[in-house]
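The values are calculated or read from the model by the stated rules, or taken from the named source; none is laboratory data. The model shown is predicted, which means the values in this text are computed figures rather than measured ones. All Cβ positions, glycine included, derive from the backbone under ideal geometry; neighbour counts span all protein chains shown.
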């Protein structure tokens, strides 16, 4: 088990440089970790375990029947879902063959590991775009100021260099903020699209899957069956055709047990709750982003929350002379460097900005 999931430890390593927020990291770290872990779990069970066992009273070799039914899919009979188990049917969805029966075929379990893996890749795309555009700017501006102990001469020089960069490039970081906001929107749309993909993948059952499982205990016992069994049946039917001794085509019905669906049903009930949580969290993140654009006071509060020792009036004075992109970069710097160094950085930047205002007045 440790060897199987040991490769995922890179997802939980702390970052040396933070260029986003907690909600953003839920997408490309937590969600990707969950999806890849589930993909590995299903892969190990599917290709190294015994995902299907089929039963037939005929002389078909069991291994041959198992392989055939796994490759060519199994099916359930829709009219048999709510019949009495043990009296009318042996299992929900399993019944005798009739001419006008409506079948529901199950082939998704062959693709679950691949779908989960490609979903994980999709959650990495916005992060990749943002990181490529940011290009290590914040990391280059840290200049060792993330360390609380630094030679005073180096500390003063580095603070002056960073403040000089912010001063000379004032009002030039709106594009940086815009790209980050666009990738946040992409994160939101990605969650919604992934939920639609899973709903299509599971035959339209995913959208209401969690609600049906939650309401399961309130069903009437006379028609009660676990909704997880309908989406991920543990016992299905399979029809095998072959030539008989006289050359006629013979049909052989078999019942197939799918142990893999014990894992699948737990995975997707967790993903249902997780994706709804991610959709709500992403919406709240976009609401927060809109408030930082519309209300400058929110920016002061956000930056002050990263460095409590800085006077809010100092932050307000520095941000007043810039635009939203300048605040965004300063806020990222506040997340990465030592609070004392950040305070001294703002003091030095405020001094430079004050001298600029004084010079402009004298020039007038």
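Can you find a residue in region 239-249 that is at pLDDT 75 or above and out of contact with any strand residue (DSSP E or B) (no Cβ under 8 Å at 6 or more places or on another chain)? Checking region 239-249: not a single residue is at pLDDT 75 or above and out of contact with any strand residue (DSSP E or B) (no Cβ under 8 Å at 6 or more places or on another chain).
Condition (residue is surrounded by 14 or more Cβ atoms within 10 Å (Cβ to Cβ), free of Cβ contacts under 8 Å to residues at least 40 places away in the same chain and part of a loop (DSSP other than H, G, I, E, B)) applied to region 165-174: is it met by at least one residue? For region 165-174, residues surrounded by 14 or more Cβ atoms within 10 Å (Cβ to Cβ), free of Cβ contacts under 8 Å to residues at least 40 places away in the same chain and part of a loop (DSSP other than H, G, I, E, B): absent.
Suppose the filter is at pLDDT below 85, surrounded by fewer than 16 Cβ atoms within 10 Å (Cβ to Cβ) and not in a strand (DSSP E or B); does residue 217 pass it? Taking the combined requirement at face value, the residue satisfies it.
Determine if region 101-114 includes at least one residue that is part of a helix (DSSP H, G or I) and more than 33 Å from the chain's Cα centre (by Cα). No, region 101-114 contains no residue that is part of a helix (DSSP H, G or I) and more than 33 Å from the chain's Cα centre (by Cα).
Taking region 316-344 as the range and being touching a helix residue (DSSP H, G or I) at 6+ places or on another chain (Cβ under 9 Å) and not in a helix (DSSP H, G or I) as the test, the residues that pass are 321, 322, 323, 337.
Does any residue in region 41-53 that is modelled with pLDDT under 75 come within less than 7 Å, Cβ to Cβ, of a residue that is surrounded by fewer than 14 Cβ atoms within 10 Å (Cβ to Cβ) and not in a loop (DSSP other than H, G, I, E, B) six or more places away or on a different chain, and which pairs are these? Matching pairs, first to second residue: 44/4.
Looking only at residues in region 115-162 that are free of Cβ contacts under 8 Å to residues at least 60 places away in the same chain and under 22 Å from the mean Cα position of the chain (by Cα), the one that is nearest to residue 347 (Cα to Cα) is 133. For region 289-315, the set of residues classified as in a loop (DSSP other than H, G, I, E, B) and surrounded by 12 or more Cβ atoms within 10 Å (Cβ to Cβ) consists of 307, 310, 311, listed by residue number.
Here the condition is being out of contact with any strand residue (DSSP E or B) (no Cβ under 7 Å at 6 or more places or on another chain), modelled with pLDDT of 90 or more, loosely packed, with under 14 Cβ neighbours inside 10 Å and part of a helix (DSSP H, G or I); of 157, 127, it holds for 157 alone.
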